[in-house]
1. Might you check whether a residue that is in contact with a Ser or Thr (Cβ under 8 Å, 6 or more places away or on another chain) and part of a loop (DSSP other than H, G, I, E, B) occurs anywhere in segment 40-48?
2. Name the single residue that is surrounded by the most Cβ atoms within 10 Å (Cβ to Cβ) among those in segment 6-31 being of a type in the set (A, V, I, L, M, F, W, C) and over 15 Å from residue 75 (Cβ atoms).
3. Taking segment 23-75, which residues are among the basic types (Lys, Arg) and over 16 Å from residue 10 (Cβ atoms)?
4. Please tell me if residue 62 is in a helix (DSSP H, G or I) and not basic (Lys, Arg).
5. Answer yes if at least one residue in segment 59-71 is surrounded by fewer than 16 Cβ atoms within 10 Å (Cβ to Cβ), free of Cβ contacts under 8 Å to residues at least 60 places away in the same chain and among the aromatic types (Phe, Trp, Tyr), and no otherwise.
Amino acid sequence: MNQCDALDQVEKELKVARDKFPFFRFPHEGYAIILEELDDLWEDVRQPYHMRSTVAMRKEAMQVAAMAIRFMIDLT
């Protein structure tokens with residue numbers, strides 16, 4: 001995966017999330033959602049090597065990135 005593909009996927013995920021859920025009302029809410037996505041990524045990362053899925057880890061990393069960008073946008 002190259003940088004452009006990764007950024008395109010994050011942008012699409014951000015659009016889906018913004019269409020589906022209202023903006024973060026408070027910084028604490030945004031933090032909690034980012035933490036939840038990061039915990040999901042951590043669950044995938046901690047899997048034994050032979051059971052890890054790069055597809056699953058990429059998906060969770062994309063969601064972390066999208067929610068971090070959304071946090072930045074919703075603060076303005």
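1. Of all residues in segment 40-48, those in contact with a Ser or Thr (Cβ under 8 Å, 6 or more places away or on another chain) come to 44, 47.
This time we only want the ones that are part of a loop (DSSP other than H, G, I, E, B), so: 47.
Within segment 40-48, one or more residues are in contact with a Ser or Thr (Cβ under 8 Å, 6 or more places away or on another chain) and part of a loop (DSSP other than H, G, I, E, B).
2. So in segment 6-31, the residues of a type in the set (A, V, I, L, M, F, W, C) come out as 6-7, 10, 14, 16-17, 21, 23-24, 26.
Pick out the ones that are also over 15 Å from residue 75 (Cβ atoms) and you get 6-7, 10, 16-17, 21.
Numbers: 6: 14, 7: 12, 10: 19, 16: 12, 17: 15, 21: 10.
If we take residues in segment 6-31 being of a type in the set (A, V, I, L, M, F, W, C) and over 15 Å from residue 75 (Cβ atoms), then 10 is surrounded by the most Cβ atoms within 10 Å (Cβ to Cβ).
3. Step one: list which residues in segment 23-75 are among the basic types (Lys, Arg), which gives 25, 46, 52, 58-59, 70.
Across segment 23-75, the qualifying residues are 25, 46, 52.
4. yes
5. Taking every residue of segment 59-71 in turn, none turns out to be surrounded by fewer than 16 Cβ atoms within 10 Å (Cβ to Cβ), free of Cβ contacts under 8 Å to residues at least 60 places away in the same chain and among the aromatic types (Phe, Trp, Tyr).
Every read-out reported here was derived from the displayed coordinates using simple, explicitly stated rules and does not represent laboratory data. Everything numeric in this text was worked out from a predicted model, so none of it was measured. FYI the Cβ positions are ideal-geometry reconstructions off the backbone, even for glycines, and counts take in every protein chain you see.
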